[in-house]
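Everything on this sheet refers to the single structure shown next.
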Amino acid sequence: MPESPGTVKALGARALAHRLFWPLAALGALLVVNLIATPTFFNVRIQDGHLFGSLVDIVRNGAPVLLVAIGMTLVIATRGIDLSVGAVAAIAGAVACVYIVKSPADGAAGTAVVAVTMALAVCVALGLWNGFLVSVVGIQPIIATLVLMVAGRGIAMLVTGGQITTVNNDTFAALASGHLLTLPVAALIALGVFAATQIVVRRTALGLLIESVGINPEASRLAGVRSRTIIWTVYVFAALCAGTAGLIVAANTHSVNANSLGLWIELDAILAVVIGGTSLAGGRFSLTGTLVGAMLIATLTRTIPNIGIPAEANYLFKALVVVIVCLLQSPKARAVLQRRRDRTPTGPSREEAVV
Amino acid sequence: MKKTLTALCALAIGGMSLSACGGSEAADDGSITMGFAQVGAESGWRTANTTSIQESAKEAGIELKFSDAQQKQENQIKSIRSYIQQKVDVIAFSPVVETGWDAVLQEAKRAKIPVVLTDRAVDTEDTSLYVTFIGSDFVEEGEKAGQWLVDNADASDVDKDGAVNVVELQGTTGSAPAIDRKKGFEDKISADSKIKITASQTGDFTRDGGKQVMEAFLQSEPKIDVVYAHNDDMGLGAIEAIKAAGKKPGTDIKIITVDAVKDGMTALAAGEINFIVECSPLLGPQLMDVAEKVVAGEEVPERIVTEETTFTPEQAAEVLPDRKY
């Protein structure tokens with residue numbers, strides 16, 4: 001039997017062992033399924049001076065989940081969780097839309113800028129509140145953020161007076177449906193935040209500090225890391241990301257519905273983080289993984305209407321895909337697959353790499 | 001769970017004995033007192049519904065005790081119990097969910113207080129628990145939408161290929177309006193073999209949902225002639241998606257929706273929607289009428305359908321200036 005050079009095999013094995021192999025494989029598989037259902041799925045054309053097509057829609061519609069998930073990744077890395085992001089998104093949308101509607105110059109670009117700034121300032125305040133409860137008062141993150149998850153939607157309802165508030169402001173609408181150099185603005189914002197976060201956490205010591213706080217906050221504090229400030233900061237960052245996501249969702253339909261804006265987005269975001277390989281136990285995190293996770297979820301959402309899954313079955317379909325990806329990624333499944341791959345022991349077992 | 005229940009019971013009992021001590025009995029001077037337990041204030045539709053009830057009670061000279069349940073069944077049950085304690089003449093409410101009302105409605109029956117359901121039905125085997133149900137007939141709404149399409153089938157065949165391809169944006173899966181509006185529509189369009197639904201997916205009654213599903217349909221269904229949306233909001237989302245695809249809503253793709261809220265009517269008057277079937281929240285006058293009859297001991301039908309109409313763009317432009325919701 002002519003054995004191919006070991007390098008190819010080793011490369012394959014290394015790819016297979018990579019954390020992101022299965023999420024990427026699932027993403028690829030979903031895209032292929034879509035391509036079979038709609039042969040024109042990958043077609044992208046220029047429409048009214050911007051790119052137009054299913055793939056562009058996926059990246060644009062995935063922007064809110066990606067934004068929320070970026071913030072969530074850092075929170076989860078500190079061994080925390082933020083359940084309030086959906087409510088914060090609703091508040092941001094509500095504040096911005098109500099400000100625009102009440103403003104005398106409701107179509108002006110300046111109004112939109114003030115509205116967005118105000119909404120984000122409110123989000124910082126909400127993030128400070130979450131961070132205060134977690135880092136200073138010492139309430140468990142799931143409970144501390146549950147407060148705002150429940151109360152936040154009420155606040156958003158209060159701001160809008162329970163009404164669906166519609167705005168007519170082209171600058172605000174451009175946040176979601178606008179284009180810059182033929183690319184959708186929403187996607188550019190999300191990818192911009194992604195790149196900036198990646199640079200800040202990886203080029204400075206911040207990422208390392210966040211991980212150390214997540215692994216052991218007390219030991220980190222004793223070692224001179226300001227755990228409290230770091231935890232506080234990530235909650236503010238998460239709220240800012242959530243607020244930006246809320247503004248994009250509101251801009252997408254020129255309106256805010258405090259009941260439904262960002263509903264369950266926290267679950268999608270947590271899912272994106274977990275699919276991306278960041279452990280809920282805190283510590284090591286991967287923003288690239290989160291990016292892949294968010295795109296997988298956005299593609300999944302698009303797949304349902306595209307391949308014509310009946311409305312009654314779409315949650316089931318979504319759940320099945322997620323379960324399969326999570327199972328394939330689990331240490332047990334990977335260990336089994338690994339063993340089957342290399343019948344002949346070639347190197348040290350990979351199992352120890354999985355913590 | 002058990003503890004919460006016990007606590008709730010204790011609270012309820014406490015509340016009862018308190019109000020009993022208070023001896024707050026409605027004066028029997030011939031005037032009517034109505035207790036109304038509203039679901040909440042989740043939408044413009046609901047707010048208009050509340051306003052209609054409050055205003056028409058005032059007009060009819062009926063004293064209205066109003067409570068807002070904030071989407072919670074236990075709150076509604078609590079307020080119904082308090083109305084029973086206060087011995088109001090008639091209780092009306094829009095049940096937040098369909099099941100779980102038998103016990104509290106039994107209490108009302110024992111206290112000989114008639115109950116009127118508005119807008120939403122309850123699921124119970126004992127129909128003697130309420131006198132009547134006032135509300136929209138969602139099947140009929142779907143039928144009206146379907147009938148319009150059958151009547152305007154030729155004009156709706158935008159690409160003139162001899163087939164009218166409809167994509168449907170369904171409401172929240174499993175909700176009564178979504179099921180019934182789908183059924184009524186399908187029943188009517190089956191009369192014309194040219195018309196068929198080529199794709200159908202839920203947009204959860206929201207603009208964002210409608211927009212995202214429509215974006216997908218625009219890519220996967222090449223020959224869409226008509227969009228049928230189960231409410232205005234999803235239709236408005238679809239309009240955005242159609243515009244982004246470089247097509248003209250209302251012209252390149254016909255749009256039919258249900259509800260007739262202000263934003264929808266504005267789009268209809270602008271020609272971006274072609275036909276809206278009304279689902280009216282203004283059932284206050286009918287409710288007060290029924291209340292007076294019930295208290296006077298007159299017979300009322302078991303099911304009263306809200307008076308509703310349909311709108312074309314011209315009609316919308318006419319009524320838009322004084323549209324309440």
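Before moving on, here are some points about what is shown:
- Within the option set B:GLU221, B:GLU186, B:GLU215, being touching a residue at least 40 places away in the same chain (Cβ under 8 Å) and within 13 Å of chain A (Cβ to nearest Cβ) holds for one residue only, B:GLU221.
- Sole residue being hydroxyl-bearing (Ser, Thr, Tyr), modelled with pLDDT under 95 and over 22 Å from the mean Cα position of the chain (by Cα), chosen from A:SER135, A:SER54: A:SER135
- Only one of the listed residues (B:ALA238, B:ALA229, B:ALA216) is in the same structural domain as B:ASP159 (by TED's automatic domain parsing), among the small types (Gly, Ala, Ser), over 23 Å from the mean Cα position of the chain (by Cα) and crowded, with 20+ Cβ neighbours inside 10 Å. That residue is B:ALA216.
- Failed condition for A:ALA92, given (1) in contact with a Cys (Cβ under 8 Å, 6 or more places away or on another chain); (2) closer than 23 Å to A:ILE139 by Cβ: (2)
Residue-by-condition table, conditions (1) over 30 Å from A:GLY214 (Cα atoms); (2) in contact with a helix residue (DSSP H, G or I) (Cβ under 8 Å, 6 or more places away or on another chain); (3) at pLDDT 95 or above:
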site: A:ALA89; (1), (2), (3): no, yes, yes
site: A:GLY127; (1), (2), (3): no, yes, yes
site: A:VAL150; (1), (2), (3): no, yes, no
site: A:ILE155; (1), (2), (3): yes, yes, no
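- Some residue of region B:136-150 being over 30 Å from A:ASN43 (Cα atoms), hydroxyl-bearing (Ser, Thr, Tyr) and within 14 Å of chain A (Cβ to nearest Cβ): no
- A:THR160 being farther than 18 Å from A:GLU266 by Cα and buried (at least 19 other Cβ atoms within 10 Å of the Cβ): yes
- Qualifying residue in region A:36-46 (condition: free of Cβ contacts under 8 Å to residues at least 12 places away in the same chain, part of a helix (DSSP H, G or I) and within 14 Å of chain B (Cβ to nearest Cβ)): yes
- A:ALA313 being within 14 Å of chain B (Cβ to nearest Cβ), modelled with pLDDT of 85 or more and part of a helix (DSSP H, G or I): yes
- When the criteria are applied in full, B:LYS254 fails the requirement of being of a type in the set (Lys, Arg) and in the same structural domain as B:VAL131 (by TED's automatic domain parsing).
- Residue check for B:LYS196: over 23 Å from B:CYS279 (Cβ atoms), surrounded by fewer than 24 Cβ atoms within 10 Å (Cβ to Cβ), of a type outside the set (A, V, I, L, M, F, W, C) and within 27 Å of the chain's Cα centre (by Cα): yes
- Within region A:57-70, considering residues that are more than 14 Å from A:ASN306 (Cβ to Cβ) and within 14 Å of another protein chain (Cβ to nearest Cβ), the one surrounded by the most Cβ atoms within 10 Å (Cβ to Cβ): A:PRO64
- Cβ pairs under 8 Å, 6+ apart, first in region B:126-142 and more than 17 Å from B:ILE113 (Cβ to Cβ), second aromatic (Phe, Trp, Tyr): B:GLY142/B:PHE185
- Among (1) under 22 Å from A:VAL56 (Cα atoms); (2) out of contact with any Phe, Trp or Tyr (no Cβ under 8 Å at 6 or more places or on another chain); (3) modelled with pLDDT under 95, the one test that B:ASP232 misses: (1)
- Out of A:VAL65, A:VAL101, one residue alone is modelled with pLDDT under 95 and part of a helix (DSSP H, G or I). It is A:VAL101.
- Sole residue being at pLDDT 95 or above and either farther than 21 Å from B:ALA296 by Cβ or not hydroxyl-bearing (Ser, Thr, Tyr) (or both), chosen from B:ALA155, B:ALA145, B:ALA108: B:ALA145
- Of the helices (runs of 4 or more DSSP H) lying entirely inside region A:146-255, those containing at least 1 residues that are within 14 Å of chain B (Cβ to nearest Cβ) span A:170-177, A:185-203, A:227-252.
- Residues that are β-branched (Val, Ile, Thr) number at least 2 in the following helices (runs of 4 or more DSSP H) confined to region B:108-200: B:138-151, B:176-189.
- Set A:THR7, A:THR73: member being away from every other protein chain (no Cβ under 14 Å), within 29 Å of A:GLY262 (Cα to Cα) and of a type in the set (Ser, Thr, Tyr): A:THR73
To keep it simple, each residue is scored yes or no on (1) without any contact (Cβ under 8 Å) to a residue 60 or more places away in the chain; (2) of a type outside the set (S, T, N, Q); (3) part of a loop (DSSP other than H, G, I, E, B).
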{"site": "B:ILE239", "(1), (2), (3)": "yes, yes, no"}
{"site": "B:LYS243", "(1), (2), (3)": "yes, yes, no"}
{"site": "B:GLY246", "(1), (2), (3)": "yes, yes, yes"}
{"site": "B:ILE255", "(1), (2), (3)": "yes, yes, no"}
{"site": "B:VAL258", "(1), (2), (3)": "no, yes, no"}
{"site": "B:GLY264", "(1), (2), (3)": "yes, yes, no"}
{"site": "B:GLY271", "(1), (2), (3)": "yes, yes, yes"}
{"site": "B:ILE276", "(1), (2), (3)": "yes, yes, no"}
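Let's see how each residue does on (1) under 17 Å from B:GLY203 (Cα atoms); (2) part of a helix (DSSP H, G or I); (3) among the charged types (D, E, K, R); (4) more than 10 Å from chain B (Cβ to nearest Cβ):
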position: A:LEU263; (1), (2), (3), (4): yes, no, no, no
position: A:LEU267; (1), (2), (3), (4): no, yes, no, yes
position: A:ILE270; (1), (2), (3), (4): no, yes, no, yes
position: A:VAL273; (1), (2), (3), (4): no, yes, no, yes
position: A:ARG284; (1), (2), (3), (4): no, no, yes, yes
position: A:LEU291; (1), (2), (3), (4): no, yes, no, yes
position: A:THR301; (1), (2), (3), (4): yes, yes, no, no
position: A:ASN306; (1), (2), (3), (4): yes, yes, no, no
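- Scanning region A:82-94 for any residue that is among the hydroxyl-bearing types (Ser, Thr, Tyr), out of contact with any strand residue (DSSP E or B) (no Cβ under 8 Å at 6 or more places or on another chain), in a helix (DSSP H, G or I) and away from chain B (no Cβ under 14 Å) turns up nothing.
- B:CYS279 meets the conditions (1) out of contact with any strand residue (DSSP E or B) (no Cβ under 6 Å at 6 or more places or on another chain); (2) more than 11 Å from chain A (Cβ to nearest Cβ) in every case but one. The failed one is (1).
- Residues of region B:164-183 classified as β-branched (Val, Ile, Thr) and away from chain A (no Cβ under 11 Å), total: 2
The values are calculated or read from the model by the stated rules, or taken from the named source; none is laboratory data. Given the structure is predicted, the values throughout are model-derived calculations rather than measurements. As a convention, Cβ positions derive from the backbone with ideal geometry for all residues, glycine included, and neighbour counts pool all protein chains shown.
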